[in-house]
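First up is the structure itself, then whatever we jot down about it.
The values are calculated or read from the model by the stated rules, or taken from the named source; none is laboratory data. Computed from a predicted model, the values in this text were never measured in an experiment. Please note: Cβ atoms are built from the backbone with ideal geometry, for glycine as well, and neighbour counts cover all protein chains shown. The area values use the complete protein model at the heavy-atom level, side chains included, leaving out ligands, DNA and RNA. Shrake-Rupley method; radii C 1.70, N 1.55, O 1.52, S 1.80 Å.
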Amino acid sequence: MRELFESTIERLLADLATPEYVLGCEGGEWPAELWAAVEASGFTLAAVPESLGGAEAGWADLYVLARAAGRFAAPIPLGEALLGNWLLGKAGLEPQTGILSFAAEADLSLRDGAVVGVLRDVPWGRHAQSLVAIADRNSATPSVVLLSTESAASQTLSLNVAGEPRDSLHFTGARVLACAPLPASLSVEVLQLGGALLRSAQIAGALHALLDMTSAYASERTQFGRPIGAFQAIQQQLAVFAEQAAAAGIAAEAAFAESDTLFATFTIAAAKVSTAEAASVGAGIAHSVHGAIGFTQEYSLHLLSRRLWAWRSEFGSASLWSQRIGQMVCGAGGEGYWALLTDHANQQLCTLERKSA
Amino acid sequence: MSITQFTYSRIPAEAESLRDEVREFLQNNLGDYPTTARAQSWMGFDAAFSRKLGAQGWVGMALPEQYGGAAAGPFARYVIIEELLAAGAPVSAHWIADRQSGPLINRFGSEAQRERYLPPICRGESYFCIGMSEPNSGSDLASIKTSATRNDAGWLLNGQKVWTTNAQHAHFMIALVRTGEKQAARHEGMSQFIVDLRLPGITIRPIRDLAGGEHFNEVFFDNVQLDADALIGTEGKGWDQVTAELAFERSGPERFLSCIELLKTLISAVGRQPDALQSREIGRLSAKLLTLRNMSLSVTAQLAAGEHPAWAASCVKDLGNLFEQEIPEVAQLLLEAEPRQEGGSEHAQVLAYLTQMAPSFSLRGGTREILRGIIARGMGLR
Ligand SMILES: Cc1cc2nc3c(=O)[nH]c(=O)nc-3n(C[C@H](O)[C@H](O)[C@H](O)COP(=O)(O)OP(=O)(O)OC[C@H]3O[C@@H](n4cnc5c(N)ncnc54)[C@H](O)[C@@H]3O)c2cc1C
C-alpha cells in the first residue's frame, strides 16, 4: 500500500502544489482545486476501517502521505483529516468527507449533546467544515466529538510563520454532529501525539526537499571561479545537513512504524525532538549556502524554511517533549535506563503541566 | 548516495529474544564489576571475560559454523554487542577481531587462513589490532610508507605504525602496507597482511594517553620476515579491502554508546525529581540516543542485505560522536559535581574519566572532517 500511496500523492502534489500555488495560498487563501484532487483520490479516508469506506491503512503506510505533504509544503490539512477520520473510526463514528481538521488543544465540556468551550490552534480552522476534538479531557469519561465549524459562536484567526491558518474557535452550547466515548485504549492526549507524529513526518519531508535544493544550488552557483560546492567549508555544512535530514527521516518513520497498534509515545516524542532539531540546523544551513537569493520572496527556499520554523514548535516543541521524556527516564533511574530505552512496551510518558506563554 | 538509504528496520524477534539471555549472563558474570570500570566501555580489557563470551558463542557469531561461528545474522550480533556496551562490559580484548578482523579474513582470506585464524577468534582467545596510522599518515592514510617487499621466504616488512590500540596485548595485527611503487593513482600499490606480533624484529611500545591509560602503541618493524601466506586478500587491493571494512567499523553502537555509563550515573545523581532543565536535557539526549540507534540499525539492515553502506555509516559515526561528546558537557550543565580522578562520588569519577576520553571519540576511526568529506563526496559535491 505504501508504494502506491507514495507514487500517487507525489504525482498529485508535484502537478498541483507548485511553488507559485503554495505561495498564493499563504495568508489563508483556500486551495480548493488541490483539496478537491486530494479528496477525490480518497486519501482523507485512508486510515478509516474498510467497513466504513476507508482503506484501513496503518500509520506505517500513512507515513509517506504526511512526508509528501511536507516535501511539497502542501497548504492543506491532509494529515489533519487523516488523523481526524482515524479517531472517528476508532470511536465507531462515521468518517467525514469534506474539509476536516482537529484540535489538540481543547478546553471543552459536553452536556446533553452540546458543547461549551474553546478549541485552540486549529489547523485551517476557518476553512474546515468539521472538527474533531476530545471533550471533558479531565473527567473520567472523555468523549470524541465532531463539531461543525459553522456552529462556533466566534473565531479568533491566527497564522503560523508560514502563513498557514491556526485558528481558535469558541463554542457556547453548539450541538455536536456526533459524539462517542473515547475508547479506553486511547489516551486523552491522542490528538496531541497524533499532531506531533504528523508534523515530524512533514518536517522530514520538507528537510529532504530542502537538502536536494541546497546541494543542487551549491553545484550551480559559482564564485571565485568554482562552484561553491567545491569549497570544503560548504561541503562540510552540507554533510551536517544530510546527517540531520537522515536522522529526521528515520526518527519520523520509526514513530509511524511503531504506532500501528498503539501510539508509541516515547518514539513519537523522540521524533518530534529529533525533527525539530534537524529543522533548525537544516534551515540555517540552507539559508547560509543560498546567500541573498534565498532571502527573497521570489525564490522558493522560504516556502520550506518557514514551514520548518512553524512545524517544529507545533503540537509541542522539542523542549516540551524533551522534558516529558526526561521525566519518564529519571523516574526509571540510571539503573533502569537501558532497559527502558530498549523496551517499547514500557515507554509511557507521564503528563506534564503546561505553562502557556 | 542519499538519505533515502535510511529506512527504519526493527530488530527481528528472533534476534530480540537473545536480549534477556545476555542480560542474565552479564548479571551472573559481571554483577559486581564497578561503575568506574564500566565507564571504560569498549576499552576495558579482560581476556578471561572474552573467553567466557566465546564459550557462549557470542564472539565471531556471524562467522560460518565450520569455523566456530554461529552463522548468526547481523541483528543477532547487534543485540549482543549493544547489551555488552550498555552494561560497560570489558570487551576490548576481542573487540577488533569480532568486529573487523574476523569478517575481513572470512571475506578475503584463503581457506587455509580461515581455518587457521577464525576458530580461535570465535573462542574469544585470539586478539587482533589494526595497523593503519603512521607518524606521517593519519587522515591521509594513502600516504603510508611502511612496506613489504617480496623475497624467497615470503615478504620482508619494514616501517612503523602508531596509535595501534591493543598492540601490546594482541596476537596479530592486520597491517595496511605498501607493496608496490607509489602509483599515479594514490590508492594502488597497497596490501594487507596478517602480522604475527611475536615475530623477531617487532618492537611494541605503549603510549600513555592523557588520562594515564595505556591503550595505544607504537609498533616498529625492522626486517620482519613474513611467510608468503601472511598476505590477506589480493596484492595491491589493500585500499579497497580497507574501505570495505569501514561500514562495519563506523556504524555500530560503539560509535554512540561510549558515554552511556556517564548518562546513567548522571540520571541517578539527578534523582527521580528532576527540575525542568534537568528533565529537558536528559530527555533531549535520550531522544537523540533513540534516533541514533534507529539509524545504526538501519545500516545494519543494509549490511544484512549485502549492500555497502559506507556513506550511511559515516553519518552514524559523525552524529554519534557528537552525541557522545556532548554528554560530559551536559553533565556539567546539570549538576554542581566537580569531576574527580580520585575520591568523590562514582558519578564524579566517571565524569572525570569520560571528560578526558571524549576528544578521542571523533579521532579514532576517522575524524569528523574526514567523515564529512566522505558524506559530501557521496552527495556528488566532490
Ligand atoms: C584513541 C585512539 C585510538 C586509535 N587507534 C588506532 C588503531 O588502533 N589503529 C590505527 O591505525 N589508528 C588508530 N588511531 C589513529 C586514528 O585513526 C587517527 O588519529 C586519525 O585517523 C587522525 O589522524 P591524526 O591523528 O594523524 O590526525 P591528522 O590527520 O593530522 O588530523 C589533524 C586534524 O586535521 C584535520 N584534517 C586532516 N586532513 C584534513 C583534510 N583533508 N581536510 C580537512 N581537515 C583535515 C583532521 O580532521 C583533524 O582535525 C587511534 C586514535 C586514537 C585517538
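Keeping to segment A:216-241, report how many residues are of a type in the set (Phe, Trp, Tyr) and either part of a helix (DSSP H, G or I) or within 7 Å of another protein chain (Cβ to nearest Cβ) (or both).
Residues in segment A:216-241 being of a type in the set (Phe, Trp, Tyr) and either part of a helix (DSSP H, G or I) or within 7 Å of another protein chain (Cβ to nearest Cβ) (or both): 2 in total.
Being within 8 Å of chain B (Cβ to nearest Cβ), free of Cβ contacts under 8 Å to residues at least 40 places away in the same chain and open to solvent by 20 Å² or more (accessible area, probe 1.4 Å) is the filter here; which residues of segment A:301-331 pass it?
A:319, A:323, A:327, A:331
Here are the criteria: (1) open to solvent by 40 Å² or more (accessible area, probe 1.4 Å); (2) within 16 Å of the ligand (Cβ to nearest atom); (3) touching a Gly at 6+ places or on another chain (Cβ under 9 Å). Tell me which single one residue B:214 does not satisfy.
The failed condition is (3).
Which condition does residue B:201 not pass, out of (1) away from the ligand (no atom under 16 Å from the Cβ); (2) open to solvent by less than 10 Å² (accessible area, probe 1.4 Å); (3) not assigned by TED's automatic domain parsing to the domain that holds residue B:364, if it passes all the others?
Condition (2) is where residue B:201 drops out.
Quick one: which residue in A:81, A:36, A:69 is open to solvent by 20 Å² or more (accessible area, probe 1.4 Å) and closer than 22 Å to residue A:129 by Cα?
On inspection, the qualifying residue turns out to be A:36.
Hey, does segment B:278-295 have a residue that's more than 21 Å from residue A:250 (Cβ to Cβ), among the basic types (Lys, Arg) and in the same structural domain as residue B:372 (by TED's automatic domain parsing)?
The answer is yes, given that some residue of segment B:278-295 is more than 21 Å from residue A:250 (Cβ to Cβ), among the basic types (Lys, Arg) and in the same structural domain as residue B:372 (by TED's automatic domain parsing).
Looking at A:56, A:20 in this structure, which one is assigned to a helix (DSSP H, G or I) and surrounded by fewer than 19 Cβ atoms within 10 Å (Cβ to Cβ)?
Result: A:20 is the single residue among A:56, A:20 that is assigned to a helix (DSSP H, G or I) and surrounded by fewer than 19 Cβ atoms within 10 Å (Cβ to Cβ).
In the list A:149, A:97, which residue meets the criterion of being polar (S, T, N, Q), outside the structural domain of residue A:306 (by TED's automatic domain parsing) and at pLDDT below 95?
After applying the criteria, what remains is A:97.
Considering only residues that are open to solvent by 60 Å² or more (accessible area, probe 1.4 Å) and either acidic (Asp, Glu) or within 10 Å of the ligand (Cβ to nearest atom) (or both), look in segment B:137-153 and name the one that is farthest from residue B:40 (Cα to Cα).
B:152
Just wondering, is there one or more residues in segment B:300-316 that are β-branched (Val, Ile, Thr), surrounded by 20 or more Cβ atoms within 10 Å (Cβ to Cβ) and either outside the structural domain of residue B:271 (by TED's automatic domain parsing) or away from the ligand (no atom under 16 Å from the Cβ) (or both)?
yes
I'd like to verify a number: residues in segment B:110-136 that are away from the ligand (no atom under 16 Å from the Cβ) and buried (at least 22 other Cβ atoms within 10 Å of the Cβ), how many?
The total comes to 6.
Identify, by number, the condition in (1) modelled with pLDDT under 95; (2) within 11 Å of the ligand (Cβ to nearest atom) that residue B:182 doesn't meet.
Answer for residue B:182: the failing condition is (2).
Which is among the hydrophobic types (A, V, I, L, M, F, W, C), more than 10 Å from every other protein chain (Cβ to nearest Cβ) and within 16 Å of the ligand (Cβ to nearest atom), of B:322, B:354?
B:354
Examine segment B:154-166 for a residue that is near the ligand (Cβ under 8 Å from one of its atoms), surrounded by fewer than 18 Cβ atoms within 10 Å (Cβ to Cβ), assigned to a loop (DSSP other than H, G, I, E, B) and not assigned by TED's automatic domain parsing to the domain that holds residue B:59, and state whether such a residue exists.
No, segment B:154-166 contains no residue that is near the ligand (Cβ under 8 Å from one of its atoms), surrounded by fewer than 18 Cβ atoms within 10 Å (Cβ to Cβ), assigned to a loop (DSSP other than H, G, I, E, B) and not assigned by TED's automatic domain parsing to the domain that holds residue B:59.
Mind telling me which of the residues A:163, A:195 ends up being on the phi > 0 side of the Ramachandran plot and crowded, with 16+ Cβ neighbours inside 10 Å?
Checking each option against the conditions leaves just A:163.
Could you check residue B:322 against (1) part of a helix (DSSP H, G or I); (2) at positive phi and say which number it fails?
Of (1) part of a helix (DSSP H, G or I); (2) at positive phi, only one is false for residue B:322: (2).
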